[in-house]
Amino acid sequence: MGDDIDDARIRRLVIVGGGTAGWLTAALLARALGSQLKITLVESAEIGTVGVGEATIPQILHVNRFLGIDEDDMLRAVHGTFKLGVQLNDFTRVGESYLHAFGDLGLPLGLTPFHHYWLRSRGRPGAHGLWAHSLNAAAAAQNRFARLDKVPNSPLGGIRYAYHFDASLYGQYLRKHIAPGIVERIEGKIVDVRLHAEDGHIESLLLDNGSTVEGDFFIDCSGFRGLLIEGALKTGYENWQHWLPCDRALAVGSAPGGPMRPYTQALARTAGWQWRIPLQTRTGNGHVYCSRFISDDEAAAQLLGTLETEPLGDPRPLRFVTGMRKLAWNRNCLALGLAAGFMEPLESTSIHLVQSGVNRLLAMFPDRHCDPKLIDEYNRQTRFEYERVRDFLILHYKATERTDTPFWRQCGAMEIPPELARRIELFRRTGMIFREGEELFAETGWLQVLLGQRIEPARHHPLADELSDQQLDHFLADVRTLVGRAVATLPPHHEFVARHCGMP
Ligand code: FAD
């Protein structure tokens, strides 16, 4: 019995693709299972990588901890800066802006979340906006940053952050960080994928130089083309363009300049939106748009016309179809990164979805038989994660009051998934939000986008009425004072970067 189990163990694992997804997967698996697995990564310089991706979410810090990466060293290598959240401009109405800040809002008090106390304060004399009670938002507004696990001598929690970086450099950094000898890298173009006759599992890859790469388990990180999961296994793709209609992007760097903002900017345009991301060496810019409503030339003109500094080249075009692979795991092949799906970069979730896909694989690591029940469970959890992220993104488009262009009129009028409609309605009627299971975005994320998109709750939780009016005013004023004091101790973001992780 013991021998049978041993014989079925996966010994040879092959990763196809050396983009951010491929190298992140290789680094995590090498660390977790490097002594048990022979890991091979195949990539093709001729095909290259997608080469965009600049913003992340706080969960990426777990990658560093797990891999033992020194954060400052990494940020220097990837031209990185810090990110406290995303500022969303003109999504609700032209001229309006709000922040989806990471981290806590206010302080916990009693049994109901902070935002119900704040909801109760609306309309009272001297009431303040929600974001005056967020340390991350207040620091972002002043372009300040420091790593702060906990505010000293204060009940406030710390600052929760992520990074802006050059994702291609991050992939290369991870590659260099893997202990020598654990991952074999093969440069070559895969021209054929051979399947086992009896069960249709992938047996080997044929390279353009005539050599073959055999494996027990394959991870497809080949980007949009999905060379194994789609090309060889014909898994199918679920198209979400009716909910997330943008299908093209133009990306261009511009000279660094102006304040080094510790947040991503998303600026809604006539048929999509534009990102602005400060790196140490440049500002990353991109226009994500829907080709049914705007031509490529017009999209490029809008992008170039709104850069804050000189462009560093011509905009690079990218095409995509929002959605997900019908099965992320099919037979002995798991897709990660763009091969698994793409939901557009508005909330910077792609790199995180690779990370969580690897975590899930590690939690369910199979043997060579790849038990179908395990595969079903992996796919069920992946679908849940993708659909909740998808709904969060749809909210940014659906809950618009803009009617100035056909694109925004269509967004406002579209039918949305029932689960999202239920969530919006619950919030509108009661102010309540509940994080479901392991979904990525927590209550504070949903809250800020719901309120930022002007969905106003009709009431607050009755527990917030336990305080007298005066107690309520004092409580909220105290939170603002604590936030203000804490922010005043933080250095400007550019100073912090220069001091700790500035490039030579
Ligand atoms: P790729 O980078 O395309 O890599 C594919 C790899 O497969 C390459 O190494 C290629 O050589 C190899 N390959 C393919 N075919 C073959 C073959 N036949 N033989 C051998 N090798 C092959 N993510 C974020 O988290 N934050 C962001 O802000 C963000 N912004 C984005 C903006 C845009 C417009 C787009 C399109 C994506 C963005 N992403 C973002 C996603 C992010 O870029 C990707 O998740 C990430 O780069 C991973 O890409 P990948 O490794 O899956 O694919």
Longest DSSP-loop-exposure-free segment, trypsin sites (Lys or Arg not before Pro), the chain, at most 16 other Cβ within 10 Å: 12-92
Determine the shape class of the stretch 50-126: with a ≥ b ≥ c the square roots of the Cα gyration tensor eigenvalues, call it rounded for a/c under 1.5, and otherwise prolate if a/b is greater than b/c, oblate otherwise. oblate
For HIS500 and ARG480, what does the FRET efficiency come to when R0 = 22 Å and r is the distance between their Cβ atoms, rounded to the nearest 0.05? 0.15
Quick shape check on the stretch 177-255: root eigenvalues a ≥ b ≥ c of the Cα gyration tensor, a/c under 1.5 is rounded, otherwise prolate if a/b tops b/c, else oblate, and it reads oblate
Global geometry of the stretch 130-190, whether rounded, prolate or oblate, following the gyration tensor of its Cα atoms and the 1.5 cut on a/c: prolate
Kindly report the accessible area of the chain per residue (heavy atoms of protein chains, probe 1.4 Å, no ligands, DNA or RNA), in Å². 42
For the stretch 248-317, with all protein chains present and a 1.4 Å probe, just round the carbon and sulfur fraction of the accessible area to a whole percent. 51
Need one number: convex hull volume per residue for the chain, Cα atoms only, in Å³. 169
What is the Cα coordinate range of the stretch 52-177 on the first, second and third principal axes, sorted by size from largest, in whole angstrom? 57, 39, 24
Rounded FRET efficiency, nearest 0.05, which uses the C-beta distance separating GLU377 from ALA32 and R0 of 25 Å: 0.85
Surpassing 19 Å at the alpha-carbon level, of the pairs LYS38/LYS326; LYS83/LYS398; LYS234/LYS326, are LYS38/LYS326; LYS83/LYS398
Evaluate Rg over Rh across the stretch 248-317, taking Cα atoms for both radii and Kirkwood's formula for Rh. 0.96
For SER35, solvent-accessible area (1.4 Å; no DNA, RNA or ligand), Å²: 120
Separation of the stretch 207-256 and the stretch 41-101 by C-alpha centroid, Å? 20
Using a 1.4 Å probe on heavy atoms of the protein chains only, the accessible area for ILE69 in Å², nearest 10, reads 20
How much of the accessible area of the stretch 355-504, probe 1.4 Å, is carbon plus sulfur, in whole percent? 52
In square angstrom, rounded to the nearest 10, how much accessible surface does THR444 have for a 1.4 Å probe? 50
Low-density loop GluC sites (Glu not before Pro), the stretch 104-198, at most 16 other Cβ within 10 Å, DSSP non-H/G/I/E/B, are GLU198
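The values are calculated or read from the model by the stated rules, or taken from the named source; none is laboratory data. Keep in mind it's a predicted model, so treat the numbers as computed, not measured. With ideal geometry, Cβ positions are generated from the backbone for all residues, glycine too; neighbour counts draw on all protein chains shown. Heavy atoms of the whole protein, side chains included, go into the accessibility calculation; ligands, DNA and RNA do not. Shrake-Rupley method; radii C 1.70, N 1.55, O 1.52, S 1.80 Å.
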